[in-house]
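Working notes for the structure below.
The values are calculated or read from the model by the stated rules, or taken from the named source; none is laboratory data. Predicted model, so just to flag it, every value in this text is computed and none were measured. Virtual Cβ from ideal backbone geometry, glycine too; neighbours counted across all protein chains shown.
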Amino acid sequence: MAEPESSTAAAGAGGSRLRNAFGGVLCAFTLLLIGVLAFSIRLFSVIKYESVIHEFDPYFNYRVTQFLSKNGIYEFWNWFDDRTWYPLGRVIGGTVYPGLTLTAGTIWWFVNSLNIPLSVETVCVFTAPIFSANASWATYLLTKEAKGTGAGLMAAAILAMVPSYISRSVAGSYDNEAVAIFALIFTFYLYVKTLNTGSLFYATLNALSYFYMVCSWGGYTFIINLIPMHVLLCIVTGRYSSRLYIAYAPLVILGTLLAALVPVVGFNAVMTSEHFASFLVFIILHVVALVYYIKGLLTPRLFKVAMTLVISVGLAVCFAVVAILVALVASSPTKGWSGRSLSLLDPTYASKYIPIIASVSEHQPPTWPSYFMDINVLAFLVPAGIISCFLPLSDASSFVVLYLVTAVYFSGVMVRLMLVLAPAACILSGIALSEAFNVLTRSIKCQLAKLFDDSPAASGDSSAESSSASTASANSAKNENRSEKNETAPKEKPSKKNRKKEKEVTESVPAKHKKEKKLLVLPMEASVMGILLLIVLGGFYVVHCVWAAAEAYSAPSIVLTSRSREGLHVFDDFREAYAWLSHNTDVDDKVASWWDYGYQTTAMANRTVIVDNNTWNNTHIATVGTAMSSPEKAAWEIFNSLDVKYVLVVFGGLVGYPSDDINKFLWMVRIGGGVFPHIKEPDYLRDGNYRVDAQATPTMLNCLMYKLCYYRFVETDGKGFDRVRGYEIGKKHFKLTHFEEVFTTHHWMVRIYKLKPQKNRVRGKLKKLKSGSKTSSTIAAGRKKNPWQ
Amino acid sequence: MAPPPPPLLVAALLLFLVPFASASASAERADLVVTRADRRVDLTSHIVRVLTSLKVENIGPEAVSQVLLAFPNAQAKNLAAIRAFGTEGKVKGPSTVLPIEVVQPSGVPPELTFFSASLSKALEKGKTLHLDVLTVFTHSLQPFPEEITQAESQLVVYQDSAHYLSPYPVKVQTFSIRLPGGRVESYTKYPNTKLADSELKYGPFEDLPPFSYSPMVVHFENNNPFAVAKEVIREIEISHWGNVQITEHYNIAHGGAKLKGEFSRIDYQSRPYIRGVSSFRHLIARLPPRAHSIYYRDEIGNISTSHLWSDSKKTQLEVEPRFPLFGGWQTTFTIGYGLPLQDFVFNSDGKRSLNITFGSPMEEILIEKLIVKVVLPEGSMDIDVSVPFPTKQWQEVKYSHLDIAGRPVVVLEKPDVIPEHNLYFQVYYRFNNISLLREPMMLIIGFFLIFMACIVYMRTDMSISKNSPSYLAKVQWDEVQSIIQKILAIFEQCLAVHDKLEASLHDLSRSGDVQSCKATRKAADAQFKELAKELKPLLTSLQSSHQSYQIWLKVENLVAKERELQEKLMARHSTVVDSFEKKLRGQDVENRIATQQQKVAALRQEVESLLEYISEM
């Protein structure tokens, strides 16, 4: 019994060093593999479809990146884009979060300076997978800070393939979130790291990382609210330390200054309510720091006296400041909160007041199945992770728990923010799984040790336990801890040791409880079964993730496929239409469509659009909505006044493509009606439903959208059966008087119409119109309806 | 005649009303007579091919080495290719290709362009020569009307002279035009004109003087694809790793009558051959055999409508643009494919040569501007190009795939390229195979340097200041740490010795081997002394350190506790051994050491907790 113990002690110096090195290499190798996994699981879209930019927003980012790589950074900041929001235009440099674009632009520049001929498109397509590998490494670091290496690796592996994150970062999904999630996790990591080490170096890095996050995504407000919350939590629970001060104060000062450098944020960094919490906590932190400092200087009795004095004065000042703040906030119309942020706090806000926000499907609250779809088994593991975070509650683990709780709330408000929940869920599940494996493998080791050591007398029990506990090195954290003890350090250089020391600080957490854990030994059968079950659970998760990556989230949405008996059928209608527009219309022609297709039209067809997916001008969108829901003549007038030459509609009725313009029509009516009251939603509704069949209202059957979608549709099958709605259309034979069909794609999914030029006035006709007072009055009414005259 | 005479025709008429008799007969002209001229014009596609078979006889006294061919300027401007094949004698023997150049003989009207075919052997007096001249014209079919609707078919006008325009007198001549079939709207009627099936025949005409010209026009239906490429950039990149990569960028338009009014998909889909007859929806490319990795895309992504057949002779690729091309519509796309190196690059006495076709592999396409770029591997020298027809040439440098010096690029530019230009051309260059290893070596060295840098970084002290107080404090603290590590290691050993002692007692209780037990104690004693000796310098150095004042107390405490524990253990050990020697009953032994046992246990507990505490600091 004593033999192994002494031998390990003797061989300890050399052996554990080797083991340590081996562990380090193994860990690095595992991380590399996790990175490869994170990258390659996102390539399904490239393999199944092609290397192409996906969906809507990525096309805008792609276009901006193209501009950046062609014209350079200064031109980019000053870019006024006149090809969108005609006739208003858009200042791109000042209204875009530049992080993603600059990142991809830098990668492109770097690669091209090495003479590796990658196109901007290729770089853009693969930016998201590259950054998800980075994000999984950042998760490793963050979890390691909280719970040690084992949990870190587990969490990184889970994050590498969590469906929620995959949905936003498959190859080609070139959107802000792709880099923002990495920035978010990395900022949190640096915060926790600073909190654990109290190093100003990390605090500075933290501010820079926060700057990158501000550059990348509007979600940075989550960071600047969550970290103050955590600081406040620490203060309230009596965990104030100088480390907390160093972690927070530089972040607020440097972070705010840096954030104000980003044009799209600018003075918002100090003027909007989203940022006020951080300043308030900043003040509180200083007060607390002062109190602690004074406490150190004074004797307890004097301190009490001073305390009463300060509190009475301080309260008065506080009230004054709060009163001023409230007054300031109350004076601004939205109470200082932007619409999207308000809809976060009050989930019903958007649908009540801002139809344009409510019209976006990703701003809807999620359903329960979507939780299961997006984070799968993690939903069950998270509570266990929370418990294990509480077992030794450190600053870092309390931060992780707080992150999870807030993220759960926000994900419940908007589907889109499920993405913020995913890393938190991964971290906590990683912790849970790692702890569970830890307990189970340790008890197996103990039981095995007992099994083999049955022959020695029972008196060896205590020593057996201690020896087995020390040899049971399943827990790599403990393992490292032990090896550090035996480290023959003086040969090492101080810089390296410095790093070691930091490691030790974090790993002291599990070490403290070594003793307690010794007692937690489960029976052999239970632990084996437990491990098996956990592996099966992990297996299910992996299967689900791969399925989600391959089937659910890899479709680029600009090219659709359907499987039939003859094989794969490709619907490439969108690009067909955009290619047609780009090659066969004049460069300066204006194309009107619903705002969903704005970014794609500017990026793929290079034509000026009236509205696009950057929904900053509600009136303009409402104008297009009004035109679409007006009769042909009125619509022609609106479009003509906007210099529109072509109108593009998306129609799925022939092939059964459900997200077409008829299904989006209710938002056109609603948004249009919100600004131009002559568009009344009830006019389009029959029994509370939008219908285009025989029961449809006459207003509906006469509006432009209906006509442009169903023009000559009846001739395809003789009945006009709409495959999306599942019924025959209401008005089958009609002619267009002010528009002419110029292009319809192969599957009719995109139809492009041209505005007919104004007819030469015929004298006699004009007289007739003038003579009839009734007709002239209708013209006047029509005029009035046109918001541009 | 249904169509009004186009302006070109009027000009031509005016031109040829001027009698050419005034033109002084130059020596070459006077002595030759064309005894028979047969012209066949092929109008089935949008590229007009005219094959003229001439029988030329020398009636003059001197031998003639040149034959002149005349074209009106309006035609000559559209001339894309001209080739002449000559056979001497009456029987049709092997024909030779004759070199052709533009000449400007004196005393001819400026409205004509002359080409001269140089004979390989001068034509003796009285001898006859068979001359076949193939001329290819582009842009010679004018759509009329210029704009049509989707349902209409495309009508075009072709103008030429019913008589063969020659500087020599022509004895007998015929003229036939092959039409694509379908409707013929109108044609110029001369006495012996015949339209049969899709063939329009003029002639035979006899004994016409030089420069006879009688304009004719035919207005007919031609719905064949008028595929006109505004510009094609064809890049041929040679990699000596075994691949010739060809990338072709097309900018294609329908060069026929423009579409007027709506394009209705329903009409096009329900009756594609009636509604949309003038459009074309696909192009066929004949690629060389063993072409691989073929792709077809445009700037917004892959185009999924293409088909590929391949056999040992050829690879046939049918590409369908994203949308059917109607008159005036255009589109761009790129096709690319790889070819095996050994099929196209040959090595002969140190010089390598690329032998590949010049034009595009597309069938019946007219390329208004073709740019061929041959990208040679980095490090190629002595570049030499041989092209069978005149082109504009220059050199560029292209950087790709980790190049340092860049790859030499030979650029050839030629306007109005037609399938007849699909001839082989050669690029000769020198290339050393060692250069192949340049980029892999660069990568290897690069990664090696990265790893070296990592190693160096890990092994060097990067701190900026060596004597700042914080740095010194850190160094001291590190020292303290290392000392403590050592101390802890010693204590671990001590504890191990304790365990050994315990174990020996257990053995004693079982075996009763007093001697071995004593020996163990002795050994333990020696070990304890040794460890104490080791511990001493460490403790003094720890005490002297400034950083250790907190730990020192604990360590001191630990040392004291451990010493006590040692003593107690030894005492207990000796008591047990003594009592064994005295053969006391187990019960008594238990009683005697009970108090000691408790103390030992308590001390051990304390020592362990102290150890843990210190190790955690």
Within the group A:731, A:719, which residue is surrounded by 15 or more Cβ atoms within 10 Å (Cβ to Cβ), over 41 Å from the mean Cα position of the chain (by Cα), more than 16 Å from residue A:664 (Cβ to Cβ) and modelled with pLDDT under 85?
A:731
Looking only at segment A:710-738, count how many residues are out of contact with any helix residue (DSSP H, G or I) (no Cβ under 7 Å at 6 or more places or on another chain) and not charged (D, E, K, R).
9
Across segment B:287-307, what is the total count of residues that are surrounded by fewer than 19 Cβ atoms within 10 Å (Cβ to Cβ), away from every other protein chain (no Cβ under 13 Å) and under 19 Å from the mean Cα position of the chain (by Cα)?
6
Can you report the number of residues in segment A:275-297 which are surrounded by fewer than 15 Cβ atoms within 10 Å (Cβ to Cβ) and under 30 Å from the mean Cα position of the chain (by Cα)?
0
Please go through segment B:231-286 and give me each residue that is within 14 Å of chain A (Cβ to nearest Cβ) and without any contact (Cβ under 8 Å) to a residue 24 or more places away in the chain, ordered by number.
B:265, B:266, B:269, B:270, B:271, B:272
Kindly indicate whether any position in segment B:417-431 is within 12 Å of chain A (Cβ to nearest Cβ), surrounded by 11 or more Cβ atoms within 10 Å (Cβ to Cβ) and not charged (D, E, K, R).
no
What's the number of the only condition in (1) over 30 Å from residue B:77 (Cβ atoms); (2) crowded, with 17+ Cβ neighbours inside 10 Å; (3) within 13 Å of chain A (Cβ to nearest Cβ); (4) not acidic (Asp, Glu) that residue B:400 fails to meet?
(2)
Check off (1) at positive phi; (2) not in a loop (DSSP other than H, G, I, E, B) for residue B:201 and give me the number that stays unchecked.
(1)
Scope segment A:562-576; condition loosely packed, with under 11 Cβ neighbours inside 10 Å and either away from every other protein chain (no Cβ under 13 Å) or of a type in the set (A, V, I, L, M, F, W, C) (or both); matching residues
A:563, A:564, A:565, A:566, A:568
Is it the case that segment B:442-449 has a residue that's closer than 30 Å to residue B:379 by Cα, of a type in the set (Phe, Trp, Tyr) and assigned to a helix (DSSP H, G or I)?
yes
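Here is a yes/no grid of residues against (1) within 30 Å of residue B:377 (Cβ to Cβ); (2) of a type in the set (A, V, I, L, M):
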| residue | (1), (2) |
| --- | --- |
| B:248 | yes, no |
| B:263 | no, no |
| B:300 | no, yes |
| B:315 | yes, no |
| B:329 | no, no |
| B:338 | yes, no |
Every residue from segment A:709-741 that is in contact with a Lys or Arg (Cβ under 6 Å, 6 or more places away or on another chain) and within 14 Å of another protein chain (Cβ to nearest Cβ)
A:714, A:720, A:738, A:740
Over 30 Å from residue B:569 (Cβ atoms) and at pLDDT below 85: which single residue out of B:507, B:499, B:478, B:513 fits that description?
B:478
Is segment A:695-711 home to any residue that is over 38 Å from the mean Cα position of the chain (by Cα), surrounded by 20 or more Cβ atoms within 10 Å (Cβ to Cβ) and under 28 Å from residue B:305 (Cβ atoms)?
yes
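Here is a yes/no grid of residues against (1) within 14 Å of another protein chain (Cβ to nearest Cβ); (2) in a loop (DSSP other than H, G, I, E, B); (3) more than 18 Å from the chain's Cα centre (by Cα):
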{"residue": "B:327", "(1), (2), (3)": "yes, yes, yes"}
{"residue": "B:332", "(1), (2), (3)": "yes, no, no"}
{"residue": "B:335", "(1), (2), (3)": "no, no, no"}
{"residue": "B:338", "(1), (2), (3)": "no, no, no"}
{"residue": "B:352", "(1), (2), (3)": "no, no, yes"}
Any idea how many residues of segment A:577-596 are under 29 Å from the mean Cα position of the chain (by Cα) and more than 14 Å from chain B (Cβ to nearest Cβ)?
4
Taking segment B:453-474 as the search range and keeping residues that are modelled with pLDDT under 80 and within 8 Å of chain A (Cβ to nearest Cβ), which one is nearest to residue B:536 (Cα to Cα)?
B:474
Kindly indicate whether residue A:542 is of a type outside the set (Gly, Ala, Ser) and within 14 Å of another protein chain (Cβ to nearest Cβ).
no
What number of residues within segment A:94-135 satisfy the criterion of being in contact (Cβ under 8 Å) with a residue 24 or more places away in the chain, within 14 Å of another protein chain (Cβ to nearest Cβ) and among the aliphatic types (A, V, I, L, M)?
2
Going through segment A:216-230 one residue at a time, which ones are farther than 18 Å from residue A:419 by Cα and buried (at least 21 other Cβ atoms within 10 Å of the Cβ)?
A:227, A:228, A:230
